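Written below as structure tokens is the structure these notes are about.
The values are calculated or read from the model by the stated rules, or taken from the named source; none is laboratory data. Quick caveat, the model's predicted, so the values are computed rather than measured. Positions of Cβ are backbone-derived with ideal geometry, glycine not excepted, and every protein chain shown enters the neighbour counts. These accessible areas exclude ligands, DNA and RNA; they are computed on the full protein's heavy atoms, side chains included. Shrake-Rupley method; radii C 1.70, N 1.55, O 1.52, S 1.80 Å.
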Amino acid sequence: MGNLDGNVIGQFLLFMVALIFSLSVHESAHAWMSNRFGDDLARLQGRISLNPAAHVDPIGTLLFPAIAFFTHAPVIGWAKPTPVNPLRWRNKRVANFWVSAAGVICNFIIAIVAGLIIRTLGVAHIIVVTQDGIGLSSESLIAEGALKLLLTFFTLNVALGVFNLIPIPPLDGSKILQSILPPTFESAFEALERFGFLLLIVAMFTGVFRAIFSVVMPIADRILLIGA
């Protein structure tokens, strides 16, 4: 039982390291892109930074993810929202698209980099990568820890990227869609924002997110193993 508890705690620590880093990159990307379009609000608040202290929300980044990890409950985590002032953006609709998409793009980049490192370790025979899955080629504790961390980064960032693309306010997907659709939809999005949190709760507890990830994650895993 002690070994089992130790393994669970170890997995939890790897999960939290990956989550905090990934959310920090996500929010920092929003801040950096907003600054590029003329809004320095987030930059002046120190949000263009990978320092977790600038982005961690005690409840959303620490408590809720811990509850989700240990109970497998459908709980949503979050970081401190990046403050932006759209009135200062140059070309508001274009800025809205790229500022919203920046975090998602960075999550997918992290997932791709983690996947490429995994495949490189497979080519180097440090780990074993086959169509049946990924495993260790030795009993090295360092290799085991590195593989678990890389797989956590890969899985987590695919999940974060896909989750944030869902077009429900305040997720990035709603802002991306808003910037693509004609201005006549602005009032509809403003009305939708008032019920965004409620819609997220409903989607969470009715299994909508679980259904999405049950399709997306196996596809991501198959892509990771292409050519193995």
- [ ] Run G38 past the list (1) of a type in the set (G, A, S); (2) more than 23 Å from I166 (Cα to Cα); (3) within 15 Å of the chain's Cα centre (by Cα) and report the number of the one that doesn't hold.
- [x] (3)
- [ ] Check every one of the helices (runs of 4 or more DSSP H) wholly within segment 81-193 and list those with 1 or more residues that are open to solvent by less than 30 Å² (accessible area, probe 1.4 Å) and modelled with pLDDT of 90 or more.
- [x] 92-123, 141-165, 172-180
Open item on the list: Residue pairs, Cβ under 9 Å, 6 or more apart or interchain, first in segment 171-198 and on the phi > 0 side of the Ramachandran plot and among the acidic types (D, E), second in a helix (DSSP H, G or I) and open to solvent by 90 Å² or more (accessible area, probe 1.4 Å). List them.
Closed with: none
Task: In segment 55-107, the residues that are in contact (Cβ under 8 Å) with a residue 60 or more places away in the chain, in contact with a His (Cβ under 7 Å, 6 or more places away or on another chain) and not polar (S, T, N, Q) - done: V99, A102, G103, C106
- [ ] Look through V75, V25, V8 and report the one residue that is under 21 Å from T152 (Cα atoms), open to solvent by less than 70 Å² (accessible area, probe 1.4 Å) and touching a Cys at 6+ places or on another chain (Cβ under 6 Å).
- [x] V25
- [ ] Identify all residues within segment 31-66 that are assigned to a loop (DSSP other than H, G, I, E, B), under 30 Å from M204 (Cα atoms) and among the aliphatic types (A, V, I, L, M); write none if there are none.
- [x] L50, V56
Task: The one condition in (1) of a type outside the set (A, V, I, L, M, F, W, C); (2) modelled with pLDDT of 95 or more; (3) open to solvent by less than 50 Å² (accessible area, probe 1.4 Å) that G60 fails to fulfil - done: (2)
Open item on the list: For segment 41-77, which positions are under 15 Å from the mean Cα position of the chain (by Cα) and under 30 Å from N91 (Cβ atoms)?
Closed with: L50, H55
TODO: Please find, within segment 195-228, the residue that is modelled with the lowest pLDDT out of those that are closer than 30 Å to H125 by Cα and not in a helix (DSSP H, G or I).
DONE: A228
TODO: Could you list all residues from segment 203-212 that are in contact (Cβ under 8 Å) with a residue 24 or more places away in the chain and open to solvent by 50 Å² or more (accessible area, probe 1.4 Å)?
DONE: F205, R210, I212
